[in-house]
Amino acid sequence: MLLWKCMADKKKIFIDTNILLDVLCQRPLFKDDAFRLIDLAIDEQLELLIADLSIANIRYITRKELALADFYRVMEQFRPFLTVVPVGPKVVDDALALKAKDFEDALQYFAALQAGAECIVTRNVKDYPFAEIEVMTPHEFLTQL
């Protein structure tokens, strides 16, 4: 089972943009699992990977509900527990070649692969039908952990 690979040593888990948004926006149905993932990173049980483009997307998405000063304050708190991985030319080229229904998800996927992620945690599992590594929701991941 692929999840067992995720559980060896310090797990390299790639989180999709929506996971960090759940934390920043305090989304009632999703924030608890998202915070638990971050707690596991703080406790050094997980290495949370996130694409650099996610940080820009998060700021854009939250610009109306989160003051800029609050964005910086919160990101400065979480940043030490996030490994930011680059998108870069190879990831873009691979995503273009894939011709996925959602280009941004293809970028996320190839960034995760390039960084050596063992699995992807997202609330939108269905957006990764092309994935060759395990993709699961935060709840599924935490339940199996």
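Since every read-out is calculated from the coordinates, none of them should be taken as a lab result. Please read all numbers here as calculations on a predicted model, not as lab measurements. Neighbour counts are summed over all protein chains in view; Cβ atoms, including those assigned to glycine, are modelled from backbone coordinates with ideal geometry.
General remarks:
- Loop-exposed GluC sites (Glu not before Pro) per DSSP, neighbour cap 13 Cβ within 10 angstrom, longest uninterrupted part of the chain: 66-131
- Span-rule helices in the chain, defined as complete DSSP H runs reaching 24 Å or more along the axis (Cα) with Kyte mean at least 0.0: none
- Taking the chain as a Gaussian network of alpha-carbon nodes connected by springs under 10 Å, the highest mean-square fluctuation of the residues Val135, Val121, Val91 belongs to Val91.
- Summarising the amide proton neighbourhood of Val85: residues at separation of 5 or more, or on other chains, whose placed amide H is nearer than 5 Å comprise Ile50, Ala51, Asp52.
- Likely footprinting exposure, Thr122, Thr83, Thr62, fewest C-beta neighbours within 10 Å first: Thr83, Thr62, Thr122
- Spacing of the modelled spin labels on Asp94 and Arg59, each 7 Å from Cα toward Cβ, amounts to 2.6 nm.
- Neighbour cut-off at most 15 other Cβ (10 Å), DSSP loop, trypsin sites (Lys or Arg not before Pro), the range 95-128: Lys99, Lys101
- Pairs of C-alpha atoms in the chain farther apart than 27 Å represent 17 percent of all such pairs.
- Taking 0.36 nm per residue of separation and subtracting the current Cα-Cα distance, fully stretching the chain between Ala69 and Asp32 would add 10.9 nm.
- Label zone at Thr137 (point 7 Å along Cα-to-Cβ), backbone N below 17 Å, the range 101-128: 120-128
- Neighbour counting of Cβ atoms within 10 Å sorts the residues Met75, Met136, fewest neighbours leading, into Met75, Met136.
- Taking Cα centre as origin and charging only the Cβ of basic (Lys, Arg, +1) and acidic (Asp, Glu, -1) residues, the dipole magnitude of the chain rounds to 280 debye.
- Taking the chain and dividing mean pair separation by its residue count, relative contact order in percent (alpha carbons under 8 Å, at least six apart): 32
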